[in-house]
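The values are calculated or read from the model by the stated rules, or taken from the named source; none is laboratory data. The shown structure was predicted, so the numbers you read here are calculated from the model rather than taken from an experiment. Note that each Cβ is placed from the backbone with ideal geometry, even for glycine, and that neighbours are counted across all protein chains shown.
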Amino acid sequence: MNSPTRSLTDEAQRLLEESISSVREALSDLKFGHVSLTVHEGRVVQIDITEKKRLRSG
């Protein structure tokens, strides 16, 4: 069975690797929160990062 990335063109593969790298970077900097991806026509076009910061009481 072929990997889905094998059928991609070189340009599509490069864009996919860039997207994965951007998601890794977003996750590595995030302690608490979430990462949301926006995809158009099979390409990641936007990454939203929401970070939660907890305040200590007292």
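Cβ-Cβ under 9 Å, sequence separation 6+ or interchain: first residue in the range 7-22 and farther than 9 Å from Val44 by Cβ, partner among the aliphatic types (A, V, I, L, M) and in a helix (DSSP H, G or I). Which pairs?
Taking only residues 6 or more apart or on different chains, the pairs are Leu8/Leu15; Leu8/Leu16.
Quick check: is even one residue across the range 21-31 part of a helix (DSSP H, G or I), at pLDDT 90 or above, surrounded by 10 or more Cβ atoms within 10 Å (Cβ to Cβ) and acidic (Asp, Glu)?
yes
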